[in-house]
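Taking it in order: structure first as structure tokens, then the write-up.
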Amino acid sequence: MRSLNIYTTVFTVLLSTCAFKIATESPWQSKLVHIKSDGSLTYTADEKGNQIPDFSYVGYHHGNAGIPDVKVVKSIAPDGTNDQQIIQQAIDEVSKLQPDKNGIRGAILLKRGVYKIPGTLQVQAGGVVLRGEGDQKEGTRLIATGKGQRSLLKINGQGKPVSVEKTRTNVTNNYVGTGSFSVNVQNVSQFRAGDQVILYYPGSQNWISDLKMDQIEARKGTKQWQAEEYNLAFQREIRKIEGNTLWLDNPVVMEINPKYTAAQVYAYTFPGRIAESGVENIYFESEFQGDTDEDHGWIAVDFNNIENGWVRNITAVHFGYAAVSLGSQAKNITVKDSKCLDPKSIITGSRRYSFNNDGQLNLFMNMETTYGRHDYVTGAKTLGPNVFFNGKTRQSQSDIGPHHRWAAGTLYDNIDTDGDIDIQDRGNYGSGHGWSGVTQILWNCKAKRAAVQSPWVSGLNYAIGLQGQKYPGRFTGRPDGFWEGQNKQGLNPSSLYLAQLAARKK
């Protein structure tokens, strides 16, 4: 495991200090998470053993290593006519270099100036970093020119997870509560510490029926949930083995109840997934023909089939969909200190998802957005833990939160929006979005209003220290979420993510 570098140590200390600062007016602590004077945390579990999970093991190398300052091996400047070709040639050249022991090949420095990109730049190798000289117009400015919905930059590996033969074994616990780091299995003989494994929840019809997701009020295009479409595969690593117990690197974020799923564990490989690639210090811009133009740059930075990568210090302006979008096989990615401003599109579905996450174990922190619809958002079957920390949104056109079809384990920590934050049954929105998720936690957030409901089964959703109005959301008659300290100042710790990160590093 990599050691913390100076940048990460200083950053953690500074922000942790903010997290533990006691407010001068009415300081209070949650009933569910209590911080002691030494910075350690204690959790209150319910009668089944469910508790708030530890969200601190997300992002680049689980938060155990700082993002590296990669050495520049290639520098280029714009020529105004063949910029895409020049950059792509540099990417391809660096992609052929031998990586070092940490998987790093080198950084490509895009010198200050304007680069015109009529298509898509592709990074398909690990250890390749694109670095600019500033995320302002006067810095390194990449412009998606002309027409065509597309990603300006794609950093993508290939393939998909592949199960290792003869490693599949059943989870034998009568029940595993949310927040647990361990499961008991029938056969541990095929596993070793350090193995990459899938904690697998097969979908079942009785689960969907008890969620009432086979009873969505139908309209044109509504699709009732089907069991075979809800096989959930949580990616984990074995930390240690004790008897028949596997200890995992990240917690269970959705209860394992044998009534609803016959959970299993199996080892997997992912030969096409890349690692250690990133983008930093760049201003991304899309040309457009008008405020409702949709035939132009759609995503600034698009990641998938990658782990332990990063995006930092980027600004994206006028893209129709997102500044950063992480696909379902993007894992342990840190996105930080970035902006998504003034998107151009019709204001309707499938647009303006400023910072979108469909992957696992990802961290978004220190973001700003304007005129987005779903600014900090997850998609269908987004499996956590995942964290959105310290995000500011203005001129919001819709709501923040899990968008549809069951996200599990997301922390929204210190999100400040002039719009809504919703965790709810979305019913027949879209093609039948239904329940947006479980173990979705709003911690010390600020919103115009919020709807926080808990699904009929499988766990709770939480609003702790929310500043804003509580409202019913799409439907009345749904189970209420866990609400605590609404409009009450002084929640301590002020950041759950930072408190958990500091507590485990003590």
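The values are calculated or read from the model by the stated rules, or taken from the named source; none is laboratory data. Please read all numbers here as calculations on a predicted model, not as lab measurements. No Cβ is skipped: glycine too gets one built from the backbone with ideal geometry, and neighbour counts run over all protein chains shown. To get the accessible areas, we keep the full protein, side chains included, count just its heavy atoms, and leave off ligands, DNA and RNA. Shrake-Rupley method; radii C 1.70, N 1.55, O 1.52, S 1.80 Å.
Summary of computed values
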| item | result |
| --- | --- |
| In order through segment 272-280: 3J(HN,Hα) via Karplus (6.51 cos²θ - 1.76 cosθ + 1.60), integer Hz, x for Gly, Pro | x, 6, 9, 8, 6, 10, x, 9, 7 |
| Computed helical MRE - 222 nm, the chain, DSSP H runs ≥ 4 contributing -39500 (n - 2.57), nearest 500 | -2500 deg cm²/dmol |
| Positive-pole candidate from 455, 397, 499, dipole of segment 360-506, charges at beta carbon | 499 |
| Segment 46-131: C-alpha gyration tensor shape, a/c 1.5 cut-off, then a/b vs b/c | prolate |
| 95, 338, reordered so the largest accessible area comes first (probe 1.4 Å) | 95, 338 |
| Residues with amide H under 5 Å from that of residue 491, placed H, sequence gap 5 or more | 28 |
| Label-point separation, residue 431 to residue 38 (7 Å along Cα→Cβ), nm | 5.3 |
| Distance (nanometres) between label positions extended 7 Å along Cα→Cβ at residue 350 and residue 227 | 3.0 |
| Beta bridges per DSSP with both ends in segment 401-506, % antiparallel, nearest 5 | 10 |
| Probe 1.4 Å, protein heavy atoms only - accessible area per residue of the chain in square angstrom | 38 |
| Cα pair count fraction exceeding 29 Å, expressed as % - the chain | 50 |
| Anisotropy class of segment 378-506 from Cα gyration tensor, a/c 1.5 cut | prolate |
| Relative contact order %, segment 329-408, counting alpha carbon pairs below 8 Å whose residues are six or more apart | 31 |
| The chain, relative contact order in percent, only Cα pairs under 8 angstrom and at least six apart counted | 15 |
| Amide proton proximity set for residue 431, modelled H, under 5 Å, gap of 5+ | none |
| Separation in nanometres of the label points that stand 7 Å from Cα toward Cβ, at residue 504 and residue 215 | 3.8 |
| Under the Karplus curve 6.51 cos²θ - 1.76 cosθ + 1.60, θ = phi - 60°, whole-Hz ³J(HN,Hα) for segment 96-112, x wherever Gly or Pro sits | 8, 5, 6, x, 7, 5, 9, x, 8, 9, x, 9, 9, 8, 8, 5, 3 |
| Potential lengthening between residue 244 and residue 483 on full extension [0.36 nm per residue; Cα-Cα distance subtracted] | 82.3 nm |
| 92, 83, reordered so the largest accessible area comes first (probe 1.4 Å) | 92, 83 |
| Spin-label zone in segment 344-388 - amide nitrogen under 17 Å from a point set 7 Å from the Cα of residue 147 along the C-beta vector | 345-346 |
| Hz values of 3J(HN,Hα) by residue in segment 231-243 - Karplus curve (6.51, -1.76, 1.60), Gly and Pro given as x | 7, 9, 10, 7, 8, 9, 10, 7, 8, 7, 10, 10, x |
| Listed residues 241, 104, 423 arranged by accessible area, highest first, probe 1.4 Å | 241, 104, 423 |
| Euclidean distance of C-alpha centroids, segment 383-422 and segment 277-307, integer Å | 20 |
| Antiparallel DSSP beta bridges within segment 409-454, as percent of all bridges there, nearest 5 | 10 |
| Sequence-distant residues sharing a close amide H with residue 340 (under 5 Å, placed H) | 316, 368, 369, 370 |
| Carbon plus sulfur fraction of accessible area for the chain, probe 1.4 Å, in percent | 47 |
| Beta bridges per DSSP with both ends in the chain, % antiparallel, nearest 5 | 20 |
| Burial order of peptide ranges 221-229, 498-506 (average beta-carbon count within 10 Å, highest first) | 498-506, 221-229 |
| Contact order relative to length of segment 225-294, as percent, for alpha carbon pairs under 8 angstrom and 6 or more apart | 13 |
